[in-house]
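The values are calculated or read from the model by the stated rules, or taken from the named source; none is laboratory data. Being a predicted model, the structure only gives us computed values, none of them experimental. All Cβ positions, even for glycine, are placed from backbone atoms using ideal geometry, and neighbour counts span all protein chains on display. Heads up: the accessible areas ignore ligands, DNA and RNA and are worked out on the full protein's heavy atoms, side chains in. Shrake-Rupley method; radii C 1.70, N 1.55, O 1.52, S 1.80 Å.
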Amino acid sequence: MTRCLLVVAIAILVPKSLAFVVTRGRPMAIGRGAIAQGAAIAPLDRELESWASSSGYGSVVTSEPAGGSDWASFRRVTVSDPPPRRADRIDDTRPVSFFVKSSTRSSREMFDGEALGLMAMYACSSWSEDDALRIPKVYRHGDYSSGSKGSYLIMEYLDLRGRSDDIKLGRAVALMHLAPPTEESLNPNGSFGFPVDNTIGGTPQPNPWTEPNSGTKEWIVFFRDHRIGHQLKLAGDSYCSNLWDNDIAPRLHLLFEDLTGEKEIRPSLLHGDLWSGNIGSADGKPSIFDPAAYWGHHEAEWGVSCCSDFMSWCAGFGPRFWEGYRSLIPQDEGFLRRKPLYDAYHQLNHYNLFGGGYINSARRDLETLKMTLNAIDK
């Protein structure tokens, strides 16, 4: 999660003249500052060579810098015997190249949450061939096996472009939300939560599993304790905490009275941080990335990006998006009553990340919830 900007820089490209090429497993220097032939192989290069060989992909042919962030470096990698793209997913059998992230920190800190989130989204977008999201396939992630400090994530390289048709994007996200929990999508028991805790922006996001075959009751407890309650502890704002503890949390179930019986909440895979900087397109299909994924109520996806007039404070979703989404997932009766609840989570997270006026927005959301509950609980 970052502040909403008019321009989003996805990657800082590095001139190819500064890249290095690995031929027959030995590094060959190209460009200013590159290592000389015969120099010690860096831990990441060693890891990539071992992975390519053990996976049957031959050897690394090129490994070019492809930007980075404050906490990780990026590379685009090709191999001598690459796998084809999945012809059953897209009409394209070109060989795969790979996008590699690396860090000096552990995989648990850096990449486990992202890797498992992408794997779950990939599985939940594969059951519908026509309107599916284009999610990069994850090939490997983990700590360096050599004992060196650091970790890596290897995924399919996508040529990301700007957003595609919003109707298609809306339908594709809805199909991901409708995908059933399975072992392949990392939720064999139909629970809320996720296999690992992850982060939303830089904020820790706890994801303990609820009991198997969970429904509305379990979701209310999960969101109460591990979303709003968690963010309030980090924020340390006594006004918000008192509102929540005394006026909202004890009556939270009243906001979900329309979601019982046939409308019982069932776990949906959520991207978790779906703002404009995490949306694009690839191969002519809508694509979303950099997830803070977990299994939850599909309405919780829209706390960062939905308003009753179909405008957005961050993600830029308009009527065409909602036309596509609502064609598959109609709006439930209590959706607008619950909107401030799901908004509050992201407003509190923004405050914990950036400070400033976000706490006032969170207070307004909680005050609105109190008034709504007072009206219901007459």
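Points to keep in mind about this one:
- From Ser53, Ser80, Ser63, residue being touching a helix residue (DSSP H, G or I) at 6+ places or on another chain (Cβ under 9 Å), modelled with pLDDT of 95 or more and open to solvent by 50 Å² or more (accessible area, probe 1.4 Å): Ser80
- Some residue of region 207-227 being aromatic (Phe, Trp, Tyr) and more than 26 Å from Ile376 (Cα to Cα): yes
- Extreme residue, farthest from Asp237 (Cα to Cα), among residues of region 325-374 that are of a type in the set (S, T, N, Q) and touching a strand residue (DSSP E or B) at 6+ places or on another chain (Cβ under 9 Å): Asn349
Residue-wise test of (1) farther than 24 Å from Ala123 by Cβ; (2) out of contact with any helix residue (DSSP H, G or I) (no Cβ under 7 Å at 6 or more places or on another chain).
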residue	(1), (2)
Pro204	yes, yes
Pro208	no, no
Gly215	no, yes
His230	yes, yes
Ser241	yes, no
Asn246	yes, yes
Leu255	yes, no
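- Some residue of region 186-195 being closer than 30 Å to Asp283 by Cα, outside any helix (DSSP H, G or I) and touching a strand residue (DSSP E or B) at 6+ places or on another chain (Cβ under 6 Å): yes
- Considering Val100, Val8, the condition of being under 23 Å from Ile288 (Cβ atoms), aliphatic (A, V, I, L, M) and at pLDDT 95 or above is satisfied by Val100 alone.
- Near pairs, Cβ below 7 angstrom, 6+ apart or cross-chain, from region 351-373 (free of Cβ contacts under 8 Å to residues at least 40 places away in the same chain) to any residue that is small (Gly, Ala, Ser) and open to solvent by less than 60 Å² (accessible area, probe 1.4 Å): Asp365/Ala344
- For Asp130, the conditions (1) open to solvent by 40 Å² or more (accessible area, probe 1.4 Å); (2) touching a residue at least 40 places away in the same chain (Cβ under 8 Å) are fulfilled apart from (2).
- Lone qualifier among Thr210, Thr203 - being more than 18 Å from the chain's Cα centre (by Cα) and among the β-branched types (Val, Ile, Thr): Thr210
- In region 191-206, residue surrounded by the most Cβ atoms within 10 Å (Cβ to Cβ) [restricted to those that are of a type outside the set (A, V, I, L, M, F, W, C) and closer than 16 Å to Lys233 by Cα]: Gln205
- Residue-level check: of (1) in contact with a helix residue (DSSP H, G or I) (Cβ under 7 Å, 6 or more places away or on another chain); (2) modelled with pLDDT under 95; (3) not in a helix (DSSP H, G or I), Cys307 misses just (1).
- For region 279-293, the set of residues classified as open to solvent by 10 Å² or more (accessible area, probe 1.4 Å) and either modelled with pLDDT under 95 or not polar (S, T, N, Q) (or both) consists of Ile279, Asp283, Gly284, Lys285, Phe289, Asp290, Pro291, listed by residue number.
- Filter pass, Leu186 being of a type in the set (A, V, I, L, M, F, W, C) and in contact with a helix residue (DSSP H, G or I) (Cβ under 6 Å, 6 or more places away or on another chain): yes
- Of the numbered criteria (1) of a type in the set (A, V, I, L, M); (2) modelled with pLDDT of 95 or more; (3) surrounded by fewer than 18 Cβ atoms within 10 Å (Cβ to Cβ), the one Ile90 fails is (2).
- Number of residues in region 208-253 that are outside any helix (DSSP H, G or I), small (Gly, Ala, Ser) and open to solvent by less than 30 Å² (accessible area, probe 1.4 Å) equals 2.
- Qualifying positions in region 159-182 - open to solvent by less than 50 Å² (accessible area, probe 1.4 Å), assigned to a loop (DSSP other than H, G, I, E, B) and modelled with pLDDT of 95 or more: Ala179, Pro181
- Taken over region 316-351, residues that are buried (at least 16 other Cβ atoms within 10 Å of the Cβ), under 18 Å from Asp166 (Cβ atoms) and within 18 Å of the chain's Cα centre (by Cα) amount to 1.
- Extreme residue, surrounded by the fewest Cβ atoms within 10 Å (Cβ to Cβ), among residues of region 66-77 that are of a type outside the set (A, V, I, L, M, F, W, C) and within 15 Å of Leu158 (Cα to Cα): Gly67
- Pairs where the first residue, in region 298-321, is at positive phi and the second is at pLDDT 70 or above, C-beta under 6 Å, 6+ apart: Phe310/Pro319; Phe310/Trp322; Gly316/Ser276
- Residue identified as more than 14 Å from the chain's Cα centre (by Cα), modelled with pLDDT of 95 or more and not charged (D, E, K, R) among Tyr122, Tyr152: Tyr152
- Of the residues making up region 98-127, just one is open to solvent by 30 Å² or more (accessible area, probe 1.4 Å), among the polar types (S, T, N, Q) and closer than 30 Å to Arg171 by Cβ, namely Ser126.
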